[in-house]
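Below: one structure, written as structure tokens.
Read-outs throughout are calculated quantities, based only on the coordinates presented, and are distinct from any laboratory measurement. Small disclaimer: the values here were computed from a predicted structure and weren't measured. We place every Cβ from the backbone using ideal geometry, glycine too, and count neighbours over all the protein chains shown.
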Amino acid sequence: EMDAVTGVQTCALPISTIWHNPKCSKSRLALATLSEREDIDLEVVEYLKQPPTREKLAQLYRDAGMSPADGLRLGGTDAKARGLPEADDDTVLDAMAADPKLIERPLVETPRGVRLCRPPERIDEIL
């Protein structure tokens, strides 16, 4: 790709996305790991403010090789009281789309895949 102004060859970096909660220590650790890298273009999405769509969540969990129920945040939510850990994928995705607090974090997507980075070292699998 050529920069129209300078005529210099440019190389677009692959985009990586973290669905981030700044109040979460594990999310901050994953963000720090990603921020140190110069070989990715990082998009930080504070998912409580900008929740992913139901379709995006389904794609993330599919690409991570996990069920939506495996991506539920149980601590500090009413997920267990609502029976969500045992619910089917559609029910869980609907609940997450309606209430993003139910989404466990941090979810990280790179060109090499998707991981729920708990523990934070799991991020190494997709970098």
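Results, tabulated for the structure shown:
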{"item": "Angle between the chain longest axis and helix 54-64 axis [Cα atoms, degrees, rounded to 10]", "result": "80 degrees"}
{"item": "Helix 89-98 vs. the chain, principal-axis angle (Cα, 0 to 90°, nearest 10)", "result": "70 degrees"}
{"item": "Dipole magnitude of the chain about its Cα centre (Cβ charges: Lys, Arg +1; Asp, Glu -1), debye to nearest 20", "result": "580 debye"}
{"item": "Extension gain, residue 125 back to residue 48 (0.36 nm per residue minus Cα-Cα distance, nm)", "result": "25.2 nm"}
{"item": "Given charges at beta-carbon only (K, R positive; D, E negative), |dipole| of region 49-108 in Debye", "result": "340 debye"}
{"item": "Percent of alpha-carbon pairs separated by more than 14 Å within region 42-100", "result": "54 percent"}
{"item": "Helical contribution to [θ] at 222 nm, DSSP H n ≥ 4, -39,500 (n - 2.57), averaged over the chain, rounded to 500", "result": "-7500 deg cm²/dmol"}
{"item": "Of every Cα-Cα pair in the chain, the percent that sits beyond 18 Å", "result": "54 percent"}
{"item": "Environment charge at residue 76 (Cβ cut-off 14 Å; Lys +1, Arg +1, Asp -1, Glu -1)", "result": "+4"}
